[in-house]
Structures are given as C-alpha cells and as structure tokens.
Amino acid sequence: MITILPATIDLHCHSTISDGLYPPEALVAHAHKQGVKVLALTDHDDLGGLGVARRAAEQHGIQFIDGVEISVTWKNRTLHIVGLKVNPADTALKAALAVVKQGRISRAKLMSEDLEKAGIEGAFEGAQAMAGNSIITRTHFARFMVENGHVKNSKVVFKKYLVKGKPGFVDHQWMSLEAAVTLIKNSGGTAVIAHPGRYGLGMVNMHLLMQEFRGYGGEAIEVVTGSHTPPQYDQFAKIAHRFSLKASLGSDFHGPGISYMEMGCISELPTTCVPVWNDWPEAQHL
Ligand code: AMP
Ligand code: MN
Ligand code: MN
Ligand code: MN
C-alpha cells in the first residue's frame, strides 16, 4: 500500500464560488505554497470553480480532483456529502445543483425577514453583496453582520443567530441523502460523508446513517478533517472499518484565519484506514 505524507493531499476546501475567501486560482496557489500535491475543490452545491481550478493546478503541478459538497437533509438534520471525481459537465448533477442555488435564494430572503424582526435590516441585500455571483450561504450573512457592526465576529454570529432557535434560522429542506449519493455516483464520482463528527448524532443514528449511505452506494467518510478532534480520527476510523467504508482527509479550508485548519497542516489517516484515493492514478505518484 502506498503511504502518503500528511500534508500532501487535501480533499475538501472552498473557494469564492461558495463561501471561501480565495478565488479558485488563488486557492490552488495557496495549496501549492502549503505543499499540497493532490487537491480536490469541494465548493458547497456548486461546480463553477472546477475548470479554473484544474487549469491552475496543472500550472502548479498539482493533481486536481473535481469535487463538490452537497447539502442534504436527513432525519431533519443538515448533512454534507462530498462528491469526489464527479463530472463537472454532468447534466443531471448540474441541473440538481441549479435548483439548490435557487432554493438558497428563497431561504436567504426568509432568513433576512427573520433577522429584520430581530432589528437587523437589509441582510438579504448585504449578504448578496458579500456573495457576488456565488451561491448565498450563512457565511455571507455572517460576514455582512460582522462588517456592519451588528455582531463582534462570525463565531458570535453562529452562536446568537442563524442557528436553530435563534433569529435568522430557516429550517430549509435540502436534497435527500439518496438523491445526493445517486447524483454523485451517476456522474462517475465517489460519495463521502463530510465531517460526520459534526452532526451531533448518537450511536444509533450514526450507525443508521452509515448503513443507509452504504445502501445508496456511498463509499467513504471523512476521518481526518479540520472539524474533527484527534480522538475523533480514531473514532471514525473504527466506524469506517466497521461499515467497510473508505476514509477521506481534508482541511475544509475556507480562508486564512477563518478555518478550523490550514491547508497542508493536516494529520495522516490512521493506519487502519483504507484511503479513498487508494486506487486513484492521481495519487499513485506520491
Ligand atoms: P449554509 O450552507 O448556507 O447553511 O452555510 C453553512 C456554512 O456556514 C458552513 O459551510 C460553514 O462555512 C459556515 N458555518 C457553519 N457553522 C459555523 C460556525 N459555527 N462558525 C463559522 N462558520 C460556520
Ligand atoms: Mn462553508
Ligand atoms: Mn461542511
Ligand atoms: Mn466544507
């Protein structure tokens, strides 16, 4: 089996196409500076950065993997499913994500109405200005609220606003787990459960999720991610093994200073894991 140094592969990060701070070219340049050799761009619900990022990666000698992070509703919770090696030209995937993009606009308007009741005006326009042509996310609302002095920083935003039970939260209906996994698979990709440790699932639901996900054709879970603690690396390595799932690794980098982890600073997978990139030609040279 090949062994890969920790910092050289990163299969989860965001550009300005979703809620990252760097445009795709700059993100790839940053990855290169940080020593990343195999990189997947996984913007939320949008494939728009992949072409540019791939060309930038070629210039830097980085092996590029087309990716996406799809928002899903499962048992009244929001989960994120990463697709790796998806086809950016796949019509069904593109059409489904276009629907999500529109849904995000409707959701943002409702979020804004709710924030207005809490005394925060013009949030939709403000967040949209932050997003530009990108999909509109809670991160853009957070940036607007911080920049306009409503809230001290984005950490406080996600504590006092935009989350369940707080102003600006909208219980949005995302795609089903089955639809996300099927779209990813049908476009030639591999479905990966992103940061499973972040959903607050008890053991019963966690196991149900793994089983259901596998049943739809899902193949891997993130074991090492910026949003897991080192004890969670071991916990999810065991779960991956138990459910015969491969393991993925990614920083979930959004930008300098605003991410759980910097690119190229991430631990290796526990040795018991089967890496999701095990049989990828792009990762053989490492
Ligand atoms: P959305 O997909 O619009 O619900 O936005 C979700 C995004 O908000 C995530 O991808 C994160 O980038 C960001 N986010 C969620 N929770 C937090 C948090 N506690 N602190 C900072 N950013 C967060
Ligand atoms: Mn994000
Ligand atoms: Mn996520
Ligand atoms: Mn992410």
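Figures for the structure shown
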quantity: Antiparallel bridges, percent of DSSP beta bridges restricted to the chain (to nearest 5); calculated: 40 percent
quantity: Rel. contact order, % - alpha carbon contacts under 8 angstrom, at least six apart, segment 89-176; calculated: 28 percent
quantity: Relative packing of 145-151, 40-46, which averages over residues the other C-beta atoms within 10 Å, highest first; calculated: 40-46, 145-151
quantity: Dipole moment magnitude, nearest 20 debye, segment 144-286 about Cα centre, only Lys, Arg, Asp, Glu C-beta charged; calculated: 620 debye
quantity: Charge dipole magnitude, Cβ of K and R +1, D and E -1 - segment 1-159, Cα centre, debye nearest 20; calculated: 360 debye
quantity: Per-pair calculated FRET efficiency, R0 = 41 Å: Ala89 and Ser244 via Cβ, rounded to 0.05; calculated: 0.85
quantity: Estimated dipole of segment 11-98 in Debye, rounded to 20 [Cβ of Lys and Arg +1, of Asp and Glu -1, Cα centre]; calculated: 220 debye
quantity: Karplus 3J(HN,Hα) series, Hz, for segment 181-187 with 6.51 cos²θ - 1.76 cosθ + 1.60 (x for Gly, Pro); calculated: 5, 5, 4, 4, 4, 5, 8
quantity: Under 5 Å, built H, 5+ apart or other chain: amide partners of Val224; calculated: Ser248, Gly250
quantity: Charge-dipole axis of segment 162-286 as Lys and Arg at +1 and Asp and Glu at -1 on Cβ define it, positive-most pick from Leu249, Tyr216, Tyr260; calculated: Tyr216
quantity: Efficiency of FRET between Ala26 and Asn76 - r from beta-carbon atoms, R0 51 angstrom, step 0.05; calculated: 0.85
quantity: Accessible solvent surface per residue of the chain, calculated while the other protein chains remain in place, 1.4 angstrom probe, Å²; calculated: 44 Å²
quantity: Amide H contacts of Trp74 (H built 1.01 Å from N, under 5 Å, at least 5 apart or other chain); calculated: Leu79
quantity: Using θ = phi - 60° and Karplus 6.51 cos²θ - 1.76 cosθ + 1.60, couplings along segment 100-109 (whole Hz; Gly, Pro as x); calculated: 4, 4, 5, x, 5, 5, 4, 4, 4, 5
quantity: Between 0 and 90°, nearest 10: helix 203-215 axis offset from the chain longest Cα axis; calculated: 70 degrees
quantity: Cα-Cα over 31 Å, subset of Lys33/Lys238; Lys37/Lys238; Lys94/Lys117; Lys33/Lys85; Lys101/Lys155; Lys37/Lys159; calculated: Lys33/Lys238; Lys94/Lys117; Lys37/Lys159
quantity: Extension gain, Gln235 back to Lys159 (0.36 nm per residue minus Cα-Cα distance, nm); calculated: 24.7 nm
quantity: Label-point gap, in nm, between Lys101 and Phe169 - each point 7 angstrom along Cα→Cβ; calculated: 3.0 nm
quantity: Angle in degrees between helix 50-60 and the longest Cα principal axis of the chain, rounded to the nearest 10; calculated: 50 degrees
quantity: Percent RCO, i.e. relative contact order, over the chain, from Cα pairs under 8 Å lying at least 6 residues apart; calculated: 22 percent
quantity: In Hz, Karplus ³J(HN,Hα) per residue of segment 32-47 (6.51, -1.76, 1.60; θ = phi - 60°; x = Gly, Pro); calculated: 4, 4, 8, x, 6, 10, 10, 10, 10, 8, 10, 5, 5, 6, 8, 9
quantity: Share of carbon and sulfur in the accessible heavy-atom surface of the chain [1.4 Å probe, %]; calculated: 52 percent
quantity: Under-5 Å amide H pairs with Phe253, H placed in peptide plane, nonlocal only; calculated: His14
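The values are calculated or read from the model by the stated rules, or taken from the named source; none is laboratory data. Just so it is clear, the structure is predicted and the values come from calculations on it, not from any experiment. Cβ: placed from backbone, ideal geometry, glycine included. Neighbour counts: every protein chain shown. Only protein heavy atoms, including side chains, enter the accessible area calculation; ligands, DNA and RNA are left aside. Shrake-Rupley method; radii C 1.70, N 1.55, O 1.52, S 1.80 Å.
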